[in-house]
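Remarks on the structure that follows.
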Amino acid sequence: MPKYIIEKEHSGITVKEYLKDIKGYSSRSMNKIDIFLNKKKVKIDKIVKYRNVLNVVEKEKETNIIAKKLELDIIYEDENLILINKPPFLLTHPTKKKVDITLANGLLNYFNEKNINSVPRFYNRLDMNTSGIIIAAKTGFGQAFLQNKGEVKKYYKAFVKGIIKEQEIIIEDKIGISEDGIKRIIDPNGQDAKTKVKIIKTYEKNNITQVELELFTGRTHQIRVHLSNIGHPIIGDELYGGEYKDIKRQLLHSYKVIYIDPRLNQKKEFEIELFSDMKLFEKSL
């Protein structure tokens, strides 16, 4: 339960102004909370004063997700956020065909076991066969803050076909949906998309390049489409031309995130190693 002690410089403003402008709540998230000022329930137009104590209680949120016991590799957790290292071959969220074995099912079970009154709220999602860091909010405040003030930066590593000559490339091709509704394509009438590609290492003998990718937008399959379009599909990405020997998934890993922490309003950075299959692939080159 978030607790705030009103600072001197914020005395005289409304609860709404304090939560929205100072603490980063969205209008939507404020509809889902009860607010107590000095232990008395108040409305958002109540004036706050210096040293008042403001408590925010989230209302119960329903979900149709089925809780399922899964082993979660938790990187970091606090009262607002939880960061998880997602393995490949695991969906982030249930679909019509897969409703019980996804990261969302496992996270809801974890919340239930820890008596955390929350449902999975993913800030970012990874394709089923992409591994690495996923950020989930445990509170509506955490979710709203990341979306509005979190300044989240996301970095990936991948192995791609071919030798990339440039040390850094900025790709800004717009992305649309193909007629089959699954594959994404470069489309001048599509959504804006921006990806930065930086060379980590080239493997001339194997005609492979290891790259770091920074996402500035979050379109479905963005990295995969952008790399394929410049002639360097991700190793193992069969949908976009990256077929490679016995590799059964795209070798793409979300390895680093940087964001502003909702509670401390300070920058946090987390970096993890490549997933085990990508480590083995790297050793084989």
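The values are calculated or read from the model by the stated rules, or taken from the named source; none is laboratory data. Bear in mind that the values here come from a model prediction, so they are computed numbers and not experimental data. All Cβ positions, glycine included, derive from the backbone under ideal geometry; neighbour counts span all protein chains shown.
Do you know which residues across region 115-133 are crowded, with 20+ Cβ neighbours inside 10 Å and among the β-branched types (Val, Ile, Thr)? Of everything in region 115-133, those that are crowded, with 20+ Cβ neighbours inside 10 Å and among the β-branched types (Val, Ile, Thr) turn out to be Thr130, Ile133.
Taken over region 38-86, the criterion of being in a strand (DSSP E or B) and more than 26 Å from Phe275 (Cα to Cα) is satisfied by Lys40, Lys41, Val42, Ile47, Val53, Leu54, Asn55, Val56, Val57, Glu58. Contact map, region 186-201: residues that are among the aromatic types (Phe, Trp, Tyr) paired with residues that are crowded, with 16+ Cβ neighbours inside 10 Å, Cβ distance under 7 Å, separation 6+ or inter-chain. No pairs are found.
Among the residues of region 106-146, which ones are part of a loop (DSSP other than H, G, I, E, B), among the hydroxyl-bearing types (Ser, Thr, Tyr) and touching a Phe, Trp or Tyr at 6+ places or on another chain (Cβ under 7 Å)? Talk me through it step by step, then tell me what you get.
From region 106-146, those part of a loop (DSSP other than H, G, I, E, B) are 114-120, 123-130, 138-139; that's our starting set.
After this cut, where a residue has to be among the hydroxyl-bearing types (Ser, Thr, Tyr) as well, the list is 118, 123, 130, 139.
Hit for region 106-146 is Ser118, nothing else.
Scan region 159-169 and give yes if some residue there is out of contact with any Cys (no Cβ under 9 Å at 6 or more places or on another chain), outside any strand (DSSP E or B) and closer than 30 Å to Asp21 by Cβ, otherwise no. Scanning region 159-169 turns up no residue that is out of contact with any Cys (no Cβ under 9 Å at 6 or more places or on another chain), outside any strand (DSSP E or B) and closer than 30 Å to Asp21 by Cβ.
Restricting Ala193, Ala136, Ala158 to those that are under 20 Å from Thr220 (Cα atoms) and in the same structural domain as Ile75 (by TED's automatic domain parsing) reduces the list to Ala136. Among residues of region 147-194 being in contact with a helix residue (DSSP H, G or I) (Cβ under 9 Å, 6 or more places away or on another chain) and of a type in the set (Phe, Trp, Tyr), the one that is farthest from Lys86 (Cα to Cα) is Phe159.
For region 196-285, list the strands (runs of 3 or more DSSP E) that sit wholly inside it and hold at least 2 residues that are outside the structural domain of Glu172 (by TED's automatic domain parsing) and touching a Pro at 6+ places or on another chain (Cβ under 7 Å); which are they? Please lay out each step first, then the result.
Numbers: elements: 208-215, 252-260, 267-271.
Passing ranges: none, list empty.
A Cβ distance below 9 Å, combined with a sequence gap of six or more or placement on separate chains, defines the contacts here; from region 1-21, residues that are assigned to a loop (DSSP other than H, G, I, E, B) reach residues that are among the basic types (Lys, Arg) in the pairs Pro2/Lys23; Pro2/Arg263; Ile6/Lys49; Ile6/Arg51; Glu7/Arg51; Ser11/Lys49; Ser11/Arg51; Gly12/Lys49. For region 265-282, does any single residue satisfy the condition of being buried (at least 18 other Cβ atoms within 10 Å of the Cβ), touching a Gly at 6+ places or on another chain (Cβ under 6 Å) and among the aromatic types (Phe, Trp, Tyr)? No, that holds for no residue.
Across region 94-105, what is the number of residues that are assigned to a loop (DSSP other than H, G, I, E, B) and either of a type in the set (Ser, Thr, Tyr) or surrounded by fewer than 15 Cβ atoms within 10 Å (Cβ to Cβ) (or both)? Can you show your working first?
Taking region 94-105 and keeping what is assigned to a loop (DSSP other than H, G, I, E, B), we get 94-101.
Among the residues that remain, those that are also either of a type in the set (Ser, Thr, Tyr) or surrounded by fewer than 15 Cβ atoms within 10 Å (Cβ to Cβ) (or both) are: 95-98, 100-101.
Within region 94-105, residues that are assigned to a loop (DSSP other than H, G, I, E, B) and either of a type in the set (Ser, Thr, Tyr) or surrounded by fewer than 15 Cβ atoms within 10 Å (Cβ to Cβ) (or both) number 6.
Within region 231-249, the set of residues being surrounded by 18 or more Cβ atoms within 10 Å (Cβ to Cβ) and not hydroxyl-bearing (Ser, Thr, Tyr) comprises His232, Pro233, Ile234, Ile235, Gly236, Asp237, Leu239, Gly242, Ile247, Arg249. Checked against the criterion of being closer than 20 Å to Asp261 by Cβ, buried (at least 16 other Cβ atoms within 10 Å of the Cβ) and modelled with pLDDT of 90 or more, the candidates Asn85, Asn109 yield just one match: Asn85. In the set Lys279, Lys198, Lys267, which member is within 21 Å of Leu83 (Cα to Cα) and not aliphatic (A, V, I, L, M)? Result: Lys267 is the single residue among Lys279, Lys198, Lys267 that is within 21 Å of Leu83 (Cα to Cα) and not aliphatic (A, V, I, L, M).
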